Every structure is written in structure tokens, then in C-alpha cells.
Amino acid sequence: MDRKIPNIMGTQHPDNAGVPFFKHNDSAFVSAFREIDEAYQNFSKLGADEYMWDWEGKHADASVIDRLYSEHYEYFQKHPLGKDKFLTFRLPNIWEEKGYSLMQAMTTILSAEDFSYDLGFKERPLFEAILPMTQSADQLISMEDKFASLSHYKSTEFNTGHKDSDTLQMIPLFEGFESQLNAPQILKKYLEMYKEHFGRELSYMRVFLAGSDSALSNGFLNSIIGNKLALTGLAEFEQESGLPIYPIAGMGSTIFRGGLSPMMIDRYLEEFPGLKTATVQSAFRYDYPLDVVEPAIIKLRDGLQQSKFEIINHDDQAVLLNIAKKAAAEYHETLDPLINDLQPVFDSFPKRRDRHQHVGIIGYSRDVDGYKMPRAITFTGSLYSVGVPPEFLGTGRILNKLDDKELSTLMKYYPNIKHDYAHVAKYFSKDALAALQAKNPAWKAVDEDIEAVERLFDIKAGPQTPEQEKHAQLAADLVKISDKETKTTLISRQAILRKFLG
């Protein structure tokens, strides 16, 4: 390898409850303008190796390299982008949303190279990009072709005195259960197409697995099994192809979105063997004191560097796959009649970033069983805010239906399952759920899920500390009021108590 593989990727996911450490006011909101300072602070203060610059569904500052190098020139002389630190664009997926910002993002990559060259830097600052919702090898090739065409046009029409790079290494982001399961087939096809199309071979690949959107789409149990099967699939693909694979996982602080917080490093490393890059999202970085966050990042980096794939045997893969499919069906059956009750909470959810508001024109919305869904952070935080941790939805009844072989296989490959449910159960509010059930009897299905988990793992759902008691009381208040501003205030107060927004 002639490059450093980053272990710690800071992201712009808006899941923080508290005020970022680099801000000197009382607002937890981070504007697009402040994100450049945020990136620098994540590099210099927290020691992040990489920072994701997100062009998907949000506003992004195209002057990012200009401002980073201009405002922090001495720092980047010592820690040059593209060699020691990395800025990685997440591009819009033009098969899912309008490509208004795609050309701007690609032009920014090209102009950043010119600017860096003129400042005397030897490294190309931007050379990789993430393609969200990757569904096929053709999409990856198409994105690289578009970049090459734009580079050739720029070199011809806007000559800057040096030849522009015409390669952009794509990082496929596999988000849904099926796409993660099919990742090895997509990668195999991509390698074949890449060599035939470009006349060269790849020396390695970084592959991104999502933890949030898969949970939103098919439920928590389906999502975590999908992540485990995907990692096994990548390990098998690496063995078969001989191509080094460096997996990235996009996971947030709450268990539903992956469970990567400063307090759960050991659990995260045990559950997802083989990962090489972890996303430390906003809640990880800003909802704990710096003297907790900084050593957690050091511990996480060390663990990722030592982490190795653990391949699940084919028989057990089949068992897990069957559990995942049954869990998804139960989740959908449970969630569908509850969605309309949650809409006022979704609409009251606090904002933390400058996102596109024109969904359907500029951006896109998630769709589950015909319902227009919010993004995963809003969905997760809304369920926690009404005292019903989303990890429970459909899960208890499925666990209850598993035979001995299925249950033992699940617990073998998900060793922290009891710990995880004991943790999330503390944010259950019996009073809030009773109020929801009084308006809509469909919420009684959640009782069955919670009771089944309590019996199986010998735990008791409900608060155990004064902070958790307060959280449960706020949930009971939230479900009884209709004023939007008051809902927003209560959601924010709960988020502070649990140390993540969603």
C-alpha cells in the first residue's frame, strides 16, 4: 500500500444533542459555513484521519479546500490532505436525486488540485468519493467516466499549466439489506468492468456499509444481521479475488443506528470484526466531554487497526438470513399502523444542519411501505422521544418465535444482544406508551415486543436513574401535547439526557 487507510472518519450526520466543543454559543446547530472550521477542529483537536464532506441532500461549501489551506496553511503543511489527512466527498446519487450539485462537487475536486499545486503541495488533496445507495457496478463506472470527461474538458478549455488528474476512485456505499448482501457480486462485476474499461487494475478497495438507513427500512435486527453478513461477504470476496478490502461502517451512537459511542468501543469492535474505518458522528464527538472523546478515538483507532474479518460459515449464514427476513416482515407489520401517529413528532424534530428542504425536487425521501419517511436520525430520535426505543419494534415477537438453533446461532454472532437491549430498555416509558395506546390500539403490539425481550433476557424495561426517570416523564408529556414548539423543546431536553439526538 502506498497510502494510509484512515481509521477515524468524522461526518456531518446531525445526531448531536449538545453544542459542539468548537462553538462559543448555546446553539447545537452547525451551519454550512461553520462546517469548514468543524472539519479543521476534527482533524487538529480530535485527531480524526478523515472527514466526510457531504453533497448528498444538503448544502456544501465548494470553497472547502481554499478555506482550509488559506486559514490553516501551517497545519496542513505538516499534515497534508491526501497523504496524512483525508477529505472525502459523498456525492449525490443521480439515480436517486437531481444532480444539481454533482458537477459542482466534481469541479471542486479538480480546482482543489490546481489550488493545492499552486501552493506547493505535492499531494492531490481529493481523490476518492463515496457513491451513496450504490446498486450496480455500472453506476460506479459511470461516475468515474463523468469525472474523467469533466477533467479532460477542463484541461482543454481552462488550462492551468499542469495536467489535471482524470481518475476518481469510487467508494460504493451499500445501504439496504439486499444491496449489502449483493455487494460481493457487484464488486466482482465492477472489477471486471474496471479492467476492461480503463485498462488498469485496482490495488485495493474501500467499501462503505450503512447502519442507519437499513434499520429504518427493515428494522434493527434485520439491519445488524445484514451488516454481519455483509462483512462476511466482503471477507469471502477478498479471499476469492485477492484484492485487499477496507470496510467502512456508517454508524451512530444509538444502538438502532449501529451503537458507536465513546462508551461502547469494545462492544462495537466485537460486533463488527474486519472494519478498518469507523464514522464518528456528531453525537459521538459533541455529546461527551473532550476528555472522554479523545481517548475513545485513540482506543477505537487501535482496535480498528488490529481488527480482522471473522467469516461466518455457510450454514449459519443461512440461519441468520432467515431470521433477518422474518424480522423485517414483523417490523413492517408493527410499524405501518404507527407511522401517522409519529408524523407530528417528525415535524417537530430539531434541526442541526443546513439540509435541502425541497424534497422531491433537489433531494429525495425515504419510502417504507408507501409511507414517506424522515431520515434515520429523525425517525430514531422520534421513537426515543415518545418512550419507545425503535430497537424493540417487531423484535421481541420474532425472538419469541425462534427455535433453539436459530436463537443460539443469533446469540453466537450477536454476543452483545442482551447488553444492547438492557441498555435501550432504560429509555422505555410505560406512561407514554399507555397514552399512545389510548389513541391507537396498534401500539399494544409494542407491549408484546417489550415483554418478550424482558422474559428472554431477564431484564426490566424502564428507567433506572434520575436522568432516565426524567426522560420517561418528558416522553409522557410529549405524547399528550400538540404545540409544535413545545414538542421541539421537549425532544431537545430528552436528547441531552440520553446524549444523542437520534
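Laid out as a table, the results:
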item	result
Stretch gain in nm, segment K412-D166, where the contour uses 0.36 nm per residue and the Cα spacing is subtracted	83.9 nm
Difference of contour (0.36 nm per residue) and Cα-Cα distance, D291 to R3	100.7 nm
Region 206-348, relative contact order [Cα under 8 Å, separation at least 6], %	29 percent
Among 120-131, 223-234, the order from most to least packed when residues are scored by Cβ within 10 Å on average	223-234, 120-131
Relative contact order for the chain, counting Cα pairs under 8 Å that sit 6 or more residues apart, in percent	17 percent
Calculated [θ] (222 nm, deg cm²/dmol) that DSSP helices of n ≥ 4 give over the chain, each run adding -39,500 (n - 2.57)	-16000 deg cm²/dmol
Accessible surface of region 430-480, 1.4 Å probe, proportion on carbon and sulfur as whole %	48 percent
Positive-end extreme of charge dipole, region 400-480 - chosen from I450, S408, A434 (charges on Cβ)	A434
Size of electric dipole in region 221-349: Cβ of Lys, Arg +1 and of Asp, Glu -1, about Cα centre, debye, nearest 20	280 debye
Estimated dipole of the chain in Debye, rounded to 20 [Cβ of Lys and Arg +1, of Asp and Glu -1, Cα centre]	680 debye
Surface/4 of the Cα convex hull for region 371-486, nm²	8.4 nm²
Dipole magnitude of region 94-195 about its Cα centre (Cβ charges: Lys, Arg +1; Asp, Glu -1), debye to nearest 20	180 debye
Heavy atoms of V19: accessible area, 1.4 Å probe, square angstrom to 10	50 Å²
Positive-end extreme of charge dipole, the chain - chosen from I339, N7, T277 (charges on Cβ)	I339
Surface accessible to a 1.4 Å probe, K58 within the full protein complex, Å²	10 Å²
Region 6-58 versus region 192-250: alpha-carbon centroid distance in Å	26 Å
Accessible area, probe 1.4 Å, largest first, for residues R455, R67	R455, R67
Region 270-349 - percent relative contact order, Cα under 8 Å, separation 6 or more	37 percent
Added length on full extension, which subtracts the Cα-Cα distance from 0.36 nm per residue, K480 to K444	11.2 nm
Cα-projected label distance for N340 with Y73, points at 7 Å along beta-carbon direction, nm	6.2 nm
Virtual paramagnetic centre 7 Å along Cα→Cβ of E240, amide N under 17 Å, in region 282-318	310-318
Across K58/K228; K23/K45; K326/K405; K4/K58, pairs whose alpha-carbon gap is larger than 18 Å	K58/K228; K4/K58
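The values are calculated or read from the model by the stated rules, or taken from the named source; none is laboratory data. The model shown is predicted, which means the values in this text are computed figures rather than measured ones. Here the Cβ is made from the backbone with ideal geometry for all residues, glycine too, and neighbour counts use every protein chain on show. Accessible surface is based on the protein model in full, side chains and every heavy atom, while ligands, DNA and RNA are left aside. Shrake-Rupley method; radii C 1.70, N 1.55, O 1.52, S 1.80 Å.
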